[in-house]
Amino acid sequence: MDTETSTQPLIARYDGVVCDLDGVVYRGADAVPGAAKALQDIVARGVRVVYATNNASRIPSEVATQIAGLGAPATASDVVSSAQAGAARLATDLSPGAAVLALGGEGVVEALRDAGLTPVVVGDDEGPGPDVVDAVLQGFGKELRVRDFETAARLLTTGMPWVATNDDATLPLPWGQSPGNGAYVDLLALALGRRPLVVGKPHPPLYGLALERLGTLAARTLAVGDRIGTDIVGAEAADLDSAWVLTGVDRPSDLVASASSPTYVVASLADLLRPYAAPLADAGGWSYGAARVVLDGDDLVVERGSADPIEVVRAGLAALLASRDEGAPSEHLRRAAATLDGLLDDSPTSTR
Ligand SMILES: [Mg+2]
């Protein structure tokens, strides 16, 4: 890295950001501290931001209202949903105005309509047959009934196109994990012996739609998210640089057990506005800023700490990911990374 870029904020390397929402901008109903201000500052620099969400049940204007209510810049066109990516995909394969079964909530219905297709829903009878419907778009919908899945099965048995907005197996609710759209996709797939095309994260189509909306080049676009399995794997599949944000669910011990290597590890969105250097390897150790760590067998030893815990996390993760890529067993890495998990959770700036 040249010295010029290392004194510039990280975000100066990009023209566009594909930003995740839950765990990055908000957590449930609460704002992630500092996120809205960071997004304002990013947009003020002339960098475009879109919010990419796998949530197919909510309509983009409703999502934008929530984001704007937290003080971050957002209009409906800044929200790219998996339902929109699904509808866009079907619109390229079908004739304009073609009828598509909307197996989902209002977000799926609206996305189909906006893509120039005709959404059809199952009423109180057995629902539309294959003579009137050309394809099925499946997304999460709280009001879906067994009758809706029966109608979808009857249509899909004919082999017509089937697109799913996302395949997240679980939907996190305040009490724990509830079945997500992926579980309902599996339910149909089990009965039918076929599977849909999935467009949401970590699959590339949602990123393709986000890039189209941003009007930026992939090489100048940064994907930001808190979940390794969706946001970081998705960025890698779409060939985008990624910033893994530690304000959400996944911890360093989750990263070392994955096969992913995010381009950047950031404590929060505010870190996008600060310089970012690559961690440095020396004889036996890794350093970042003031921090230095060494791997002693299976132990990660923090030889020198830092006032800023993220510096220790970056040095520690560089050491552990290098060890992972040389074949170190996952359970050893997880145990060593627990030191970094603890550091984040004990940090006075911890947002968990
Ligand atoms: Mg998230």
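We did not get these values from a lab; they are worked out from the coordinates using the rules stated. Only a predicted model underlies this, so the values are computations on that prediction, with no experimental measurement involved. Cβ atoms come from the backbone with ideal geometry, glycine included; neighbour counts cover every protein chain shown.
Calculate for the chain the 222 nm mean residue ellipticity that helices alone would give, adding -39,500 (n - 2.57) per DSSP H run of length 4 or more and normalising by residue count, nearest 500 deg cm²/dmol.
-10500 deg cm²/dmol
May I ask you to derive the FRET efficiency for SER258 and ARG195 from their Cβ-Cβ distance with R0 = 35 Å, giving the value to the nearest 0.05?
Efficiency for this residue pair is about 0.90.
Can you order the peptides 107-118, 122-133, 137-148 by their average number of other Cβ atoms within 10 Å per residue, highest first?
So the order, starting with the most tightly packed, is 107-118, 137-148, 122-133.
Determine, for each peptide in 261-274, 278-291, the mean count of other beta carbons within 10 angstrom over its residues, then list the peptides with the highest first.
Ranked from most to least packed, the peptides come out as 261-274, 278-291.
Rounded, prolate or oblate: which fits the range 254-352 when a ≥ b ≥ c are the square roots of the eigenvalues of the alpha-carbon gyration tensor, with rounded for a/c under 1.5 and prolate only if a/b beats b/c?
rounded
Taking 0.36 nm per intervening residue step and subtracting the Cα-Cα distance, what contour gain separates ASP325 from ALA237 on full extension?
29.8 nm
So, in Å, what gap is there between the alpha-carbon centers of the range 164-230 and the range 258-327?
After rounding, the separation between the Cα centres reads 29 Å.
Taking the Cα atoms of the chain, report the difference between the largest and smallest coordinate on each principal axis, in whole Å and largest first.
70, 43, 34
Which cross-chain or sequence-distant (5 or more) residues have an amide H under 5 Å from the amide H of SER242, H modelled 1.01 Å from N in plane?
Result for SER242 returns ALA223, THR263, TYR264.
Using only the Cα atoms of the range 83-198, what are the Rg and Dmax in Å?
Calculated on Cα positions, Rg and Dmax stand at 13.3, 44 Å.
If you take the charge dipole of the chain about its Cα centre, with +1 on Lys and Arg Cβ and -1 on Asp and Glu Cβ, which of ALA87, LEU340, VAL265 is farthest toward its positive end?
Farthest towards the positive pole: ALA87.
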